C-alpha cells in the first residue's frame with residue numbers, strides 16, 4: 001500500500017494523477033468542490049470531509065458555437081461591457097427592484113426557477129433586493145435552493161450533510177461555489193461524505209485519516225482544500241514597509257485601514273488593485289480591477305499634469321473609509337456568518353469586513369466624486 005500523498009489544493013493540485021486512486025478532500029470551498037467533482041470522474045473513490053456544506057449553484061454551461069460567438073462580438077459584447085459598469089457586482093445582471101414578499105408564492109417560485117436555470121451567480125446576485133438584508137427573505141431563497149439540491153442526491157445521509165433542511169448560514173453570506181455535477185458525483189455509491197461537525201478528524205496516519213469514532217479512512221491522496229489568508233494575507237506577507245519602516249503586517253495587526261481599498265497612509269505613490277476594503281470578494285474580478293485601474297491612471301495623470309511628485313492617503317481618510325465599509329456591512333446579513341469575508345478562517349485574525357459590501361456602482365460614484 002502506498003503512503004498517503006498530501007497536496008495543498010491551490011498550489012500543488014495541477015497535474016496530479018488520480019486515476020484509480022482513493023482521494024480524500026478536506027474542505028468545501030470552491031477548490032474543494034472542484035477537486036471532489038472532477039476527481040470523481042477518474043478516481044476509484046472520493047471521500048469529502050465537510051465542516052460546512054457549500055451552498056453551490058449550478059454553472060449551467062452550454063456549448064458556444066463559433067457563429068454565436070461572432071454574432072455576440074459584433075453587437076452584444078459592447079452593450080455588455082457598458083451595462084456591467086452599472087450593476088452591483090459588475091456582472092451582466094443585477095438584483096431586481098422588489099422585495100421577496102412583494103410576489104406571491106407561485107410568482108416567487110417561478111422567479112427562483114428562472115434564476116436557478118440561468119446558472120452562474122444569478123440566483124445569488126440577480127435575486128430579490130432584500131436577499132442579503134432580511135432573514136425571512138433569505139430563508140425563502142434557501143428553501144428553494146435546498147429543494148432543488150436535495151432532489152439531486154439519492155443517498156439520505158449525504159443529502160442531510162450536503163443540503164440540510166435547516167440552513168447552516170444565511171444563503172449567500174458565504175461565497176457559493178459554482179458546480180457542474182458536484183452533487184451527482186458525490187452521490188455515487190463508491191464516494192463518501194463525512195460531517196466534521198459530527199465526526200471530526202483526529203489525526204492522519206500512514207494509510208489514511210482517523211476520525212473521532214476511531215475509524216481509519218484509507219486513502220492514497222489527500223487534498224488540503226482548507227483555505228488561505230484571503231484579501232489581506234498576501235499584502236501583509238510581502239514585507240511592505242511604510243515611510244517610517246513599519247511593516248504593513250504590523251500596521252494592520254489590529255485592523256485594516258485603506259483609502260477606497262486602493263491606497264494607504266504612509267505609503268506614498270503606492271496603489272493596489274482587488275485588495276482589502278475594495279469590492280473584491282463581492283464583485284466580478286475583471287470589472288473591479290478595470291474600474292480601479294481607470295481611477296489610478298486618472299490620479300497619476302492628474303499628478304503629472306499638476307507636477308505633483310507624490311500623493312498619499314491621510315489616516316483620517318482611511319478611518320472614514322473603514323467606517324463606511326463597516327457601516328454598510330452591518331446593515332446586511334454577512335456579519336451573522338463566520339467566513340473568510342471577515343477573516344474568520346485565520347486563528348487570531350481581527351474579525352472585520354475585508355471587502356466593500358456596497359457593490360461596485362457606489363464605489364465608482366464615490367471615486368468620481370473624490371477625484
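Quick test of your reading of the structure: residue 358 fulfils all but one of (1) out of contact with any helix residue (DSSP H, G or I) (no Cβ under 8 Å at 6 or more places or on another chain); (2) at pLDDT below 95; (3) not in a helix (DSSP H, G or I). Name the failing condition by number.
(1)
Is the range 239-257 home to any residue that is crowded, with 18+ Cβ neighbours inside 10 Å, more than 28 Å from residue 124 (Cα to Cα) and within 23 Å of the chain's Cα centre (by Cα)?
Yes, the range 239-257 contains at least one residue that is crowded, with 18+ Cβ neighbours inside 10 Å, more than 28 Å from residue 124 (Cα to Cα) and within 23 Å of the chain's Cα centre (by Cα).
Applying the selection to the range 101-137, what residues are under 24 Å from residue 86 (Cα atoms), part of a helix (DSSP H, G or I) and touching a helix residue (DSSP H, G or I) at 6+ places or on another chain (Cβ under 7 Å)?
112, 115, 116, 122, 123
So which residues in the range 150-162 are buried (at least 21 other Cβ atoms within 10 Å of the Cβ) and closer than 30 Å to residue 87 by Cβ?
Across the range 150-162, there are no qualifying residues.
When residues of the range 207-229 are filtered for being crowded, with 20+ Cβ neighbours inside 10 Å, touching a helix residue (DSSP H, G or I) at 6+ places or on another chain (Cβ under 7 Å) and in a loop (DSSP other than H, G, I, E, B), how many remain?
1
Every residue in the range 263-294 that is surrounded by 21 or more Cβ atoms within 10 Å (Cβ to Cβ) and either over 19 Å from the mean Cα position of the chain (by Cα) or farther than 18 Å from residue 354 by Cβ (or both), please.
263, 264, 291, 292
Could you go through the range 63-84 and let me know if any residue there is touching a helix residue (DSSP H, G or I) at 6+ places or on another chain (Cβ under 6 Å) and more than 20 Å from residue 152 (Cβ to Cβ).
Yes: one or more hits.
Kindly evaluate residue 345 against the criterion of being over 21 Å from residue 91 (Cβ atoms) and in the same structural domain as residue 288 (by TED's automatic domain parsing).
yes
I need the full set of residues from the range 27-74 which are on the phi > 0 side of the Ramachandran plot and free of Cβ contacts under 8 Å to residues at least 12 places away in the same chain, in order please.
none
Considering each of 89, 126 in turn, give the residue that is under 27 Å from residue 27 (Cα atoms), crowded, with 19+ Cβ neighbours inside 10 Å and outside the structural domain of residue 46 (by TED's automatic domain parsing).
89 is the lone residue from the list that is under 27 Å from residue 27 (Cα atoms), crowded, with 19+ Cβ neighbours inside 10 Å and outside the structural domain of residue 46 (by TED's automatic domain parsing).
Read through the list (1) surrounded by 12 or more Cβ atoms within 10 Å (Cβ to Cβ); (2) free of Cβ contacts under 8 Å to residues at least 60 places away in the same chain; (3) under 21 Å from residue 235 (Cβ atoms), then give the number of the only condition that residue 328 fails.
(3)
The values are calculated or read from the model by the stated rules, or taken from the named source; none is laboratory data. Here the structure is a predicted model, which means the values were calculated and not measured. We place every Cβ from the backbone using ideal geometry, glycine too, and count neighbours over all the protein chains shown.
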